[in-house]
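The values are calculated or read from the model by the stated rules, or taken from the named source; none is laboratory data. In this text the structure is predicted, and so the values were computed from the model without any measurement. As a convention, Cβ positions derive from the backbone with ideal geometry for all residues, glycine included, and neighbour counts pool all protein chains shown. All accessible areas refer to the heavy atoms of the entire protein, side chains included, with ligands and DNA or RNA removed. Shrake-Rupley method; radii C 1.70, N 1.55, O 1.52, S 1.80 Å.
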Amino acid sequence: MTPFPVRHSDAPRILARCRELVRPALGRAVREMHPWHAEITAYSFGWDGNGGGQGKGVRQALAVLGAEAVGAPAREAVAGAVAVELIHTFSLLHDDIMDGDETRRQRATAWKAYGTGPAVLAGDALFALAVRVLAQAPGSAGPAAVRLLAAALDDLVRGQADDLLFEGRPWTGPDAVRPHEYRLMAERKTGALLGCAAGLGAVLGGAGRSRTDALTAAGRHLGVAFQVVDDMLGIWGDPAVTGKPVHSDLRRGKKTYPVLVALADGGPAAGRLGALLRSGTVPDDGAARRAAGLIEEAGGREAAGAEAARQLERARACLESAALAPEPLAELLALLAYTASRTG
Ligand code: GRG
(Lines give C-alpha, C1' and ligand atoms only; values in the text may rest on other atoms or scores of the structure.)
Protein backbone atom coordinates (compact mmCIF):
# COMPACT_ATOMS: atom_id res chain seq x y z
CA MET A 1 0.00 0.00 0.00
CA THR A 2 1.04 3.56 -0.61
CA PRO A 3 2.52 5.42 2.39
CA PHE A 4 0.66 8.59 1.32
CA PRO A 5 -2.81 9.20 2.75
CA VAL A 6 -5.47 8.89 0.06
CA ARG A 7 -8.40 11.23 0.40
CA HIS A 8 -10.99 11.68 -2.28
CA SER A 9 -11.48 15.23 -0.96
CA ASP A 10 -8.01 16.02 -2.40
CA ALA A 11 -9.31 15.41 -5.93
CA PRO A 12 -10.45 19.02 -6.67
CA ARG A 13 -7.00 20.31 -5.69
CA ILE A 14 -5.28 17.67 -7.85
CA LEU A 15 -7.55 18.40 -10.83
CA ALA A 16 -6.97 22.16 -10.43
CA ARG A 17 -3.18 21.75 -10.31
CA CYS A 18 -3.20 19.68 -13.51
CA ARG A 19 -5.66 22.04 -15.23
CA GLU A 20 -3.44 25.06 -14.52
CA LEU A 21 -0.42 23.20 -15.81
CA VAL A 22 -2.04 22.24 -19.10
CA ARG A 23 -4.15 25.36 -19.71
CA PRO A 24 -1.48 27.53 -21.44
CA ALA A 25 -0.64 24.80 -23.99
CA LEU A 26 -4.33 24.05 -24.52
CA GLY A 27 -4.98 27.74 -25.16
CA ARG A 28 -2.06 27.94 -27.62
CA ALA A 29 -3.33 24.88 -29.51
CA VAL A 30 -6.88 26.25 -29.74
CA ARG A 31 -5.60 29.60 -31.02
CA GLU A 32 -4.12 27.73 -34.00
CA MET A 33 -7.60 26.67 -35.13
CA HIS A 34 -9.76 28.36 -37.73
CA PRO A 35 -11.32 31.30 -35.82
CA TRP A 36 -14.82 29.84 -36.19
CA HIS A 37 -13.71 26.52 -34.70
CA ALA A 38 -11.66 28.28 -32.03
CA GLU A 39 -14.82 30.17 -31.00
CA ILE A 40 -16.94 27.00 -30.79
CA THR A 41 -14.14 25.26 -28.89
CA ALA A 42 -13.79 28.17 -26.44
CA TYR A 43 -17.56 27.98 -25.89
CA SER A 44 -17.33 24.23 -25.28
CA PHE A 45 -14.52 24.73 -22.76
CA GLY A 46 -16.51 27.50 -21.03
CA TRP A 47 -13.75 30.03 -21.80
CA ASP A 48 -16.02 32.61 -23.38
CA GLY A 49 -16.99 34.20 -20.07
CA ASN A 50 -20.72 33.79 -20.65
CA GLY A 51 -21.40 31.23 -17.93
CA GLY A 52 -21.32 27.52 -18.41
CA GLY A 53 -19.14 25.28 -16.36
CA GLN A 54 -15.82 23.87 -17.34
CA GLY A 55 -15.22 20.14 -17.51
CA LYS A 56 -13.65 18.35 -14.58
CA GLY A 57 -10.44 17.78 -16.54
CA VAL A 58 -10.06 14.16 -15.43
CA ARG A 59 -8.31 13.09 -18.64
CA GLN A 60 -5.62 15.78 -18.61
CA ALA A 61 -5.00 15.00 -14.93
CA LEU A 62 -4.51 11.31 -15.72
CA ALA A 63 -1.94 12.21 -18.38
CA VAL A 64 -0.02 14.49 -16.00
CA LEU A 65 -0.16 12.00 -13.11
CA GLY A 66 0.79 9.15 -15.48
CA ALA A 67 4.04 10.94 -16.32
CA GLU A 68 4.75 11.87 -12.70
CA ALA A 69 3.99 8.30 -11.60
CA VAL A 70 6.79 7.01 -13.83
CA GLY A 71 9.18 9.59 -12.44
CA ALA A 72 9.01 12.19 -15.23
CA PRO A 73 8.30 15.90 -14.78
CA ALA A 74 4.70 16.90 -15.52
CA ARG A 75 5.77 19.01 -18.51
CA GLU A 76 6.63 15.81 -20.42
CA ALA A 77 2.92 14.92 -20.42
CA VAL A 78 1.53 18.26 -21.57
CA ALA A 79 1.15 17.35 -25.27
CA GLY A 80 -0.68 14.16 -24.27
CA ALA A 81 -2.88 16.03 -21.81
CA VAL A 82 -3.80 18.60 -24.47
CA ALA A 83 -4.54 15.84 -27.00
CA VAL A 84 -6.88 13.91 -24.70
CA GLU A 85 -8.78 17.05 -23.65
CA LEU A 86 -9.23 17.98 -27.33
CA ILE A 87 -10.44 14.47 -28.18
CA HIS A 88 -12.77 14.47 -25.16
CA THR A 89 -14.28 17.78 -26.27
CA PHE A 90 -14.61 16.52 -29.84
CA SER A 91 -16.39 13.35 -28.68
CA LEU A 92 -18.80 15.35 -26.50
CA LEU A 93 -19.63 17.68 -29.42
CA HIS A 94 -20.44 14.76 -31.68
CA ASP A 95 -22.14 12.71 -28.95
CA ASP A 96 -24.52 15.59 -28.13
CA ILE A 97 -25.51 15.76 -31.79
CA MET A 98 -26.06 11.98 -32.06
CA ASP A 99 -28.13 11.95 -28.86
CA GLY A 100 -29.96 15.22 -29.59
CA ASP A 101 -28.91 16.51 -26.14
CA GLU A 102 -29.60 20.20 -25.73
CA THR A 103 -27.84 20.92 -22.44
CA ARG A 104 -24.32 20.24 -21.21
CA ARG A 105 -22.34 21.85 -18.39
CA GLN A 106 -25.38 23.96 -17.45
CA ARG A 107 -25.88 25.52 -20.85
CA ALA A 108 -26.88 24.92 -24.47
CA THR A 109 -24.79 22.30 -26.24
CA ALA A 110 -22.55 23.55 -29.04
CA TRP A 111 -24.88 22.31 -31.80
CA LYS A 112 -27.82 24.14 -30.16
CA ALA A 113 -25.78 27.33 -29.88
CA TYR A 114 -24.01 27.23 -33.29
CA GLY A 115 -25.93 24.74 -35.45
CA THR A 116 -25.24 21.11 -36.29
CA GLY A 117 -22.94 21.65 -39.28
CA PRO A 118 -20.61 24.05 -37.48
CA ALA A 119 -20.50 21.80 -34.39
CA VAL A 120 -19.67 18.69 -36.47
CA LEU A 121 -16.92 20.59 -38.23
CA ALA A 122 -15.52 22.03 -34.99
CA GLY A 123 -15.38 18.46 -33.67
CA ASP A 124 -13.49 17.33 -36.76
CA ALA A 125 -11.07 20.24 -36.33
CA LEU A 126 -10.50 19.25 -32.68
CA PHE A 127 -9.75 15.69 -33.77
CA ALA A 128 -7.19 16.83 -36.34
CA LEU A 129 -5.60 19.25 -33.89
CA ALA A 130 -5.28 16.56 -31.20
CA VAL A 131 -3.40 14.23 -33.54
CA ARG A 132 -1.10 17.04 -34.69
CA VAL A 133 -0.30 18.18 -31.14
CA LEU A 134 0.63 14.65 -30.15
CA ALA A 135 2.64 13.93 -33.29
CA GLN A 136 4.65 17.10 -32.58
CA ALA A 137 5.32 16.19 -28.94
CA PRO A 138 8.94 16.95 -28.04
CA GLY A 139 11.29 14.00 -27.59
CA SER A 140 11.29 10.63 -29.27
CA ALA A 141 8.00 9.23 -27.90
CA GLY A 142 5.74 10.88 -30.53
CA PRO A 143 5.16 7.80 -32.74
CA ALA A 144 4.42 5.51 -29.77
CA ALA A 145 2.08 8.15 -28.34
CA VAL A 146 0.20 8.50 -31.64
CA ARG A 147 -0.15 4.69 -31.83
CA LEU A 148 -1.69 4.66 -28.35
CA LEU A 149 -4.12 7.41 -29.31
CA ALA A 150 -5.04 5.67 -32.59
CA ALA A 151 -5.92 2.47 -30.72
CA ALA A 152 -8.05 4.44 -28.25
CA LEU A 153 -9.88 6.25 -31.06
CA ASP A 154 -10.69 2.92 -32.69
CA ASP A 155 -12.17 1.70 -29.40
CA LEU A 156 -14.03 4.95 -28.84
CA VAL A 157 -15.83 4.66 -32.17
CA ARG A 158 -16.63 0.97 -31.57
CA GLY A 159 -17.99 1.70 -28.09
CA GLN A 160 -20.13 4.54 -29.40
CA ALA A 161 -21.43 2.29 -32.21
CA ASP A 162 -22.46 -0.37 -29.68
CA ASP A 163 -24.09 2.22 -27.45
CA LEU A 164 -26.19 3.47 -30.37
CA LEU A 165 -27.02 -0.06 -31.53
CA PHE A 166 -28.11 -1.03 -28.00
CA GLU A 167 -30.88 1.58 -28.25
CA GLY A 168 -32.56 -0.56 -30.91
CA ARG A 169 -32.34 -3.78 -28.87
CA PRO A 170 -35.32 -4.98 -26.78
CA TRP A 171 -35.41 -4.42 -23.01
CA THR A 172 -36.09 -8.06 -22.21
CA GLY A 173 -35.89 -11.48 -23.88
CA PRO A 174 -33.07 -13.30 -25.65
CA ASP A 175 -31.91 -10.23 -27.60
CA ALA A 176 -31.78 -7.95 -24.56
CA VAL A 177 -28.42 -6.29 -23.84
CA ARG A 178 -26.55 -8.30 -21.18
CA PRO A 179 -24.53 -6.57 -18.44
CA HIS A 180 -21.23 -7.97 -19.85
CA GLU A 181 -22.03 -6.42 -23.26
CA TYR A 182 -22.61 -3.11 -21.51
CA ARG A 183 -19.26 -3.39 -19.68
CA LEU A 184 -17.38 -3.91 -22.95
CA MET A 185 -19.20 -0.97 -24.54
CA ALA A 186 -18.37 1.27 -21.56
CA GLU A 187 -14.75 0.14 -21.50
CA ARG A 188 -14.46 1.24 -25.12
CA LYS A 189 -16.67 4.33 -25.13
CA THR A 190 -15.38 5.85 -21.91
CA GLY A 191 -12.49 3.68 -20.68
CA ALA A 192 -10.43 3.84 -23.87
CA LEU A 193 -9.76 7.58 -23.59
CA LEU A 194 -9.17 7.51 -19.83
CA GLY A 195 -6.77 4.60 -20.29
CA CYS A 196 -5.09 6.35 -23.18
CA ALA A 197 -4.67 9.51 -21.06
CA ALA A 198 -2.84 7.69 -18.27
CA GLY A 199 -0.85 5.57 -20.76
CA LEU A 200 0.18 8.66 -22.75
CA GLY A 201 1.57 10.23 -19.60
CA ALA A 202 3.69 7.12 -19.10
CA VAL A 203 4.85 6.89 -22.73
CA LEU A 204 5.73 10.58 -22.93
CA GLY A 205 7.46 10.25 -19.57
CA GLY A 206 9.73 7.58 -21.05
CA ALA A 207 8.24 4.52 -19.33
CA GLY A 208 8.53 1.01 -20.75
CA ARG A 209 5.79 -1.42 -21.69
CA SER A 210 4.80 -2.79 -18.30
CA ARG A 211 4.17 0.51 -16.51
CA THR A 212 2.45 1.96 -19.58
CA ASP A 213 0.18 -1.10 -19.79
CA ALA A 214 -0.62 -0.97 -16.07
CA LEU A 215 -1.60 2.71 -16.25
CA THR A 216 -3.64 2.13 -19.42
CA ALA A 217 -5.48 -0.82 -17.87
CA ALA A 218 -6.18 1.17 -14.70
CA GLY A 219 -7.65 3.98 -16.78
CA ARG A 220 -9.89 1.55 -18.66
CA HIS A 221 -11.31 0.11 -15.42
CA LEU A 222 -11.73 3.64 -14.12
CA GLY A 223 -13.64 4.38 -17.34
CA VAL A 224 -16.17 1.61 -16.78
CA ALA A 225 -16.73 2.85 -13.22
CA PHE A 226 -16.95 6.42 -14.51
CA GLN A 227 -19.60 5.47 -17.07
CA VAL A 228 -21.66 3.46 -14.56
CA VAL A 229 -21.58 6.44 -12.17
CA ASP A 230 -22.53 8.69 -15.10
CA ASP A 231 -25.55 6.46 -15.74
CA MET A 232 -26.52 6.67 -12.06
CA LEU A 233 -26.21 10.46 -12.10
CA GLY A 234 -28.46 10.52 -15.17
CA ILE A 235 -31.22 8.93 -13.06
CA TRP A 236 -30.61 10.11 -9.50
CA GLY A 237 -28.25 13.06 -9.96
CA ASP A 238 -29.02 16.72 -9.38
CA PRO A 239 -29.28 18.50 -12.76
CA ALA A 240 -27.98 21.68 -11.12
CA VAL A 241 -24.72 19.81 -10.44
CA THR A 242 -24.53 17.44 -13.43
CA GLY A 243 -25.41 20.26 -15.84
CA LYS A 244 -27.63 17.85 -17.81
CA PRO A 245 -31.38 17.25 -17.57
CA VAL A 246 -32.40 14.35 -15.33
CA HIS A 247 -33.96 11.19 -16.85
CA SER A 248 -32.98 12.01 -20.43
CA ASP A 249 -31.39 8.53 -20.84
CA LEU A 250 -34.59 6.89 -19.54
CA ARG A 251 -36.74 8.96 -21.87
CA ARG A 252 -34.61 8.00 -24.85
CA GLY A 253 -34.61 4.31 -23.96
CA LYS A 254 -30.83 4.19 -23.44
CA LYS A 255 -29.54 0.89 -22.11
CA THR A 256 -27.82 2.16 -19.00
CA TYR A 257 -26.27 -0.15 -16.42
CA PRO A 258 -28.73 0.45 -13.54
CA VAL A 259 -31.67 -0.40 -15.85
CA LEU A 260 -30.01 -3.49 -17.31
CA VAL A 261 -29.13 -4.99 -13.92
CA ALA A 262 -32.55 -4.08 -12.51
CA LEU A 263 -34.25 -5.93 -15.38
CA ALA A 264 -31.90 -8.89 -14.94
CA ASP A 265 -33.06 -9.18 -11.29
CA GLY A 266 -36.23 -10.96 -12.47
CA GLY A 267 -38.33 -10.02 -9.39
CA PRO A 268 -41.73 -8.25 -9.29
CA ALA A 269 -40.27 -4.72 -9.53
CA ALA A 270 -38.17 -5.84 -12.54
CA GLY A 271 -41.36 -7.21 -14.13
CA ARG A 272 -43.20 -3.91 -13.65
CA LEU A 273 -40.15 -1.99 -14.92
CA GLY A 274 -39.95 -4.20 -18.02
CA ALA A 275 -43.65 -3.65 -18.76
CA LEU A 276 -43.26 0.13 -18.36
CA LEU A 277 -40.22 0.28 -20.64
CA ARG A 278 -41.72 -2.07 -23.25
CA SER A 279 -44.90 0.00 -23.48
CA GLY A 280 -43.00 1.93 -26.15
CA THR A 281 -44.27 5.38 -25.22
CA VAL A 282 -41.70 8.00 -24.39
CA PRO A 283 -42.10 8.35 -20.63
CA ASP A 284 -43.30 11.71 -19.31
CA ASP A 285 -41.91 13.13 -16.03
CA GLY A 286 -44.18 10.96 -13.89
CA ALA A 287 -43.42 7.73 -15.76
CA ALA A 288 -39.67 8.46 -15.71
CA ARG A 289 -39.87 9.00 -11.93
CA ARG A 290 -41.82 5.73 -11.58
CA ALA A 291 -39.21 3.92 -13.67
CA ALA A 292 -36.42 5.37 -11.49
CA GLY A 293 -38.25 4.09 -8.38
CA LEU A 294 -38.66 0.61 -9.89
CA ILE A 295 -34.99 0.48 -10.92
CA GLU A 296 -34.06 1.20 -7.32
CA GLU A 297 -36.61 -1.32 -5.95
CA ALA A 298 -35.24 -4.03 -8.26
CA GLY A 299 -31.73 -3.38 -6.92
CA GLY A 300 -30.37 -1.52 -9.97
CA ARG A 301 -28.97 1.38 -7.99
CA GLU A 302 -27.19 -0.82 -5.48
CA ALA A 303 -25.85 -3.20 -8.14
CA ALA A 304 -24.57 -0.30 -10.24
CA GLY A 305 -22.78 1.16 -7.20
CA ALA A 306 -21.25 -2.26 -6.53
CA GLU A 307 -20.08 -2.59 -10.14
CA ALA A 308 -18.45 0.85 -10.01
CA ALA A 309 -16.70 -0.15 -6.77
CA ARG A 310 -15.52 -3.44 -8.34
CA GLN A 311 -14.05 -1.66 -11.36
CA LEU A 312 -12.32 0.92 -9.16
CA GLU A 313 -10.85 -1.88 -7.10
CA ARG A 314 -9.43 -3.42 -10.30
CA ALA A 315 -8.04 -0.05 -11.31
CA ARG A 316 -6.39 0.25 -7.88
CA ALA A 317 -4.88 -3.23 -8.22
CA CYS A 318 -3.41 -2.34 -11.65
CA LEU A 319 -1.83 0.81 -10.22
CA GLU A 320 -0.46 -0.87 -7.15
CA SER A 321 1.04 -3.72 -9.18
CA ALA A 322 3.20 -1.28 -11.14
CA ALA A 323 6.33 0.31 -9.72
CA LEU A 324 4.98 3.86 -9.52
CA ALA A 325 6.25 6.86 -7.58
CA PRO A 326 4.38 6.99 -4.25
CA GLU A 327 3.01 10.55 -4.28
CA PRO A 328 1.54 10.54 -7.82
CA LEU A 329 0.23 7.03 -7.09
CA ALA A 330 -1.60 8.41 -4.06
CA GLU A 331 -3.01 11.21 -6.24
CA LEU A 332 -4.19 8.68 -8.84
CA LEU A 333 -5.86 6.70 -6.04
CA ALA A 334 -7.54 9.88 -4.81
CA LEU A 335 -8.99 10.35 -8.32
CA LEU A 336 -10.32 6.78 -8.24
CA ALA A 337 -11.99 7.40 -4.89
CA TYR A 338 -13.43 10.68 -6.17
CA THR A 339 -15.00 8.91 -9.17
CA ALA A 340 -17.08 6.73 -6.88
CA SER A 341 -18.42 9.68 -4.92
CA ARG A 342 -18.69 12.32 -7.63
CA THR A 343 -21.98 14.17 -8.03
CA GLY A 344 -21.29 15.95 -11.30
C1 GRG B 1 -13.15 8.89 -32.02
C2 GRG B 1 -13.74 9.25 -34.46
C3 GRG B 1 -14.17 9.19 -33.05
C4 GRG B 1 -15.48 9.38 -32.72
C5 GRG B 1 -15.99 9.51 -31.35
C6 GRG B 1 -18.90 10.50 -30.35
C7 GRG B 1 -18.02 9.34 -30.07
C8 GRG B 1 -17.27 8.74 -31.20
C9 GRG B 1 -17.90 8.81 -28.84
C10 GRG B 1 -18.62 9.33 -27.64
C11 GRG B 1 -17.85 9.04 -26.43
C12 GRG B 1 -18.49 9.65 -25.22
C13 GRG B 1 -19.12 10.98 -25.30
C14 GRG B 1 -18.45 8.98 -24.06
C15 GRG B 1 -19.03 9.49 -22.81
C16 GRG B 1 -17.94 9.65 -21.79
C17 GRG B 1 -18.38 10.48 -20.61
C18 GRG B 1 -18.81 9.77 -19.37
C19 GRG B 1 -18.34 11.80 -20.69
C20 GRG B 1 -18.51 12.71 -19.57
O21 GRG B 1 -17.19 12.97 -19.12
P22 GRG B 1 -16.89 13.96 -17.92
O23 GRG B 1 -17.84 13.71 -16.80
O24 GRG B 1 -17.25 15.35 -18.58
O25 GRG B 1 -15.44 13.88 -17.62
P26 GRG B 1 -16.73 16.80 -18.17
O27 GRG B 1 -17.89 17.71 -18.46
O28 GRG B 1 -16.34 16.81 -16.72
O29 GRG B 1 -15.57 17.08 -19.08
Values of log10 I(q)/I(0), in the order q = 0.13, 0.14, 0.23 Å⁻¹, for the range 44-151 under a Debye, Cα-only, solvent-free model | -0.53, -0.61, -1.20
Using just the C-alpha positions of the range 24-70 as equal point scatterers, what log10 of I(q)/I(0) does the Debye formula give at each q in 0.18 1/Å?
-> -0.66
Near the amide H of T103, under 5 Å away, which other amide H atoms are found, from residues 5 or more places off or on another chain, if H is placed in the peptide plane?
-> T109
Beyond 33 Å, what share of the Cα-Cα pairs of the chain remains, rounded to the nearest whole percent?
-> 26
List I97, I14, ordered by accessible area with a 1.4 Å probe, largest first | I97, I14
For R17 and R147, FRET efficiency with R0 = 25 Å and r from the beta-carbon atoms, rounded to 0.05?
-> 0.30
Measuring with a 1.4 Å probe in the full set of protein chains, what accessible area per residue, in whole Å², belongs to the range 8-341?
-> 41
Mind checking the full-extension length gain between R278 and K254? Use 0.36 nm per residue of separation minus the Cα-Cα distance, one decimal, nm.
-> 7.4 nm
State the Kirkwood hydrodynamic radius of the range 218-314 in Å, one decimal place, computed from all pairs of distinct Cα atoms.
-> 13.5
For the chain, with +1 on Lys and Arg beta carbons and -1 on Asp and Glu, the positive-most of A198, Y43, S140 along the dipole = S140
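Would you work out the charge dipole size for the chain about its Cα centre, treating the Cβ of every Lys and Arg as +1 and the Cβ of every Asp and Glu as -1, and quote it to the nearest 20 debye?
280
Taking 0.36 nm per residue of sequence separation and subtracting the Cα-Cα distance, how much length would be gained by fully extending the chain between Q136 and Q106, in nm to one decimal? The partial results should precede the final answer.
Values: separation 30, 0.36 × 30 = 10.80 nm, distance 3.43 nm.
So the chain would gain 7.4 nm between Q136 and Q106.
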List the trypsin sites (Lys or Arg not before Pro) within the range 172-215 that fall in a DSSP loop (any state other than H, G, I, E or B) and whose Cβ has at most 16 other Cβ atoms within 10 Å.
-> none
Per the rule of 0.36 nm per residue minus the C-alpha distance, extending T343 to A128 adds in nm 74.2 nm
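When the accessible area of the chain is computed with all protein chains present and a 1.4 Å probe, what percentage of it is carbon and sulfur?
On the chain, the fraction of accessible area on carbon and sulfur atoms equals 55 percent.
Taking the Cα centre of the range 196-344 as origin and charging only Cβ (+1 Lys, Arg; -1 Asp, Glu), how large is the dipole, in debye to the nearest 20?
Dipole about the Cα centre, nearest 20: 420 debye.
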